[in-house]
1. Being of a type in the set (V, I, T) and open to solvent by 50 Å² or more (accessible area, probe 1.4 Å) is true for just one of I417, I408. Which residue is that?
2. So which residues in region 191-235 are under 18 Å from Y391 (Cα atoms), over 23 Å from the mean Cα position of the chain (by Cα) and surrounded by fewer than 19 Cβ atoms within 10 Å (Cβ to Cβ), if there are any at all?
3. Just the residues that are of a type outside the set (F, W, Y) and open to solvent by less than 80 Å² (accessible area, probe 1.4 Å), please, taken from region 81-94.
4. Name every residue in region 110-135 that is surrounded by fewer than 17 Cβ atoms within 10 Å (Cβ to Cβ), of a type in the set (S, T, Y) and touching a residue at least 24 places away in the same chain (Cβ under 8 Å), in order of residue number.
5. Answer yes or no as to whether V395 is closer than 19 Å to F209 by Cβ, β-branched (V, I, T) and either in contact (Cβ under 8 Å) with a residue 60 or more places away in the chain or crowded, with 20+ Cβ neighbours inside 10 Å (or both).
6. Of everything in region 100-157 that's assigned to a helix (DSSP H, G or I), polar (S, T, N, Q) and under 19 Å from the mean Cα position of the chain (by Cα), which residue is modelled with the lowest pLDDT?
7. Looking only at region 243-287, how many residues end up being within 30 Å of V427 (Cα to Cα), in contact (Cβ under 8 Å) with a residue 24 or more places away in the chain and open to solvent by 30 Å² or more (accessible area, probe 1.4 Å)?
8. Restricting to region 330-349, name every residue that is surrounded by fewer than 22 Cβ atoms within 10 Å (Cβ to Cβ) and either touching a Ser or Thr at 6+ places or on another chain (Cβ under 8 Å) or of a type in the set (V, I, T) (or both).
Amino acid sequence: MRHKIYRRAAAIFVVLLVFAQMVQVAWSYHQEQVQAAMTGQETEPEKLTLWYTDEKLNPYLVEAAAEFEEQNHVDITLQLVTAVDYIEHINTASISDLGGPDLFITSSELLEKARLAGLTVENDSFTDRELESDFPQQALNAAACGGRLMAYPFYFETCCLLYNKNYVDAAPETIDDILAYADSYEGSDETANVENIFKWNVADIFSNFFFIANYVNLGGATGDDPSQVQLTADEVTACLQYYQSLNAFFAIDAEEVTTENVIQEFIDGKTVYTIAKTDAIATIDEAVAEAAAEEAAEETGETAEGSGDSSYFYGIAEVPDLTAELATKGLSVTNSVVVNAYSSQRELAKSFARYLTYEKADDLYALTNKMPVRLGVEYENPEMMVLLDQYENSVEVPKLTDLSNYWIEMEIAFANIWQGSDAQTEVETVAQEMMNQLGTQEADGSQ
């Protein structure tokens, strides 16, 4: 009897021991799961998809995505797509079973179209202090629609004046000053290469628009108000007449000139002054660096590798006024990151949008040669800060879809005016067509 009791007690002890071991194993597993949950390893990573149309962004987006993935346990798909019918394709994909992008990058001129299609989410990822201190108002206006900030301002393009410091000491205040320089210009050994005092792409509306930008209103500060459209002020005609007069001084062939040739001639020292887009700076710097490397290679007998100390032979300035009475402004386009309202990962998408446009913005120019809108970014050439000043004193491409043809029509008008057509007639023709599209009766913007 006593042996049975001992055997039963021993059996119970074994059962309890096994049970205790099971509890210990279960507890250890639980602890591992808790730890895994804390590190985000117990589940599959969340997924985000970003659409964009500019392949020059590839190096930046790839690096930013890899960093964000590591920090946030997320898989990001970067999809380069065609710019043709961009918003339409995003909308179609978003309402399909496959789904569209969680975020997309778009220019300011398409933002209102995206908002009206229901593809935008308000940007609430920044404090008021961050917006005020770290972004120019121009960028916030460009990312606003319907009175709200509907995107994350990313980078900009505008135009500026470049001048060769080997020929002139400082930028002119007006184009009248350039004309005076041309009148008094005398060639010398130092200026033996000079072929053009002032040359720019007169066939490019982006480079031409500064002539009239100060006197047109393209939808108000945020570019989306159809009641604020002014296209035919007297000053617009006066500015275009002045533009036309420059053909007699500089005789630029609109059918032959290209942006690439203009910049190359400036690099070669053939041009004293030019109007250039923001991206021309990197083109010039790369050409100078390559030339320096080749020169060094010839001296040392080593192979040139495209690097070298580039001295800045050029100066950067805001576009000059035409005269003491006729002021100018540059044209600008701002690209922003938009969080898709159809995304199932809105908050995560907002975090990535902020990371792209704010937290990593210091790396954007080095990887893409694109100018971030975020303030406080430092550049090797300190004169590049002038581009931000120019951007803040620019006219943004409007968001009004009914003005989308304005640029094509005005490019044609500028071409006709350069060739001798009556400036006022050209302006009124374009303005009336635009007002008809806007559903207004007057060419002065009245309803």
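1. From the options I417, I408, the qualifying one is I408.
2. Within region 191-235, no residue meets the criteria.
3. V81, T82, A83, I87, E88, I90, N91, A93, S94
4. Across region 110-135, the qualifying residue is only S133.
5. yes
6. Here the answer is S108.
7. 9
8. The answer is V333, A341, Y342.
The values are calculated or read from the model by the stated rules, or taken from the named source; none is laboratory data. What you are looking at is a predicted structure, and each value in this text was computed from that prediction instead of being measured. FYI the Cβ positions are ideal-geometry reconstructions off the backbone, even for glycines, and counts take in every protein chain you see. Calculation scope for accessible area: heavy atoms of the full protein, side chains included, ligands and nucleic acids excluded. Shrake-Rupley method; radii C 1.70, N 1.55, O 1.52, S 1.80 Å.
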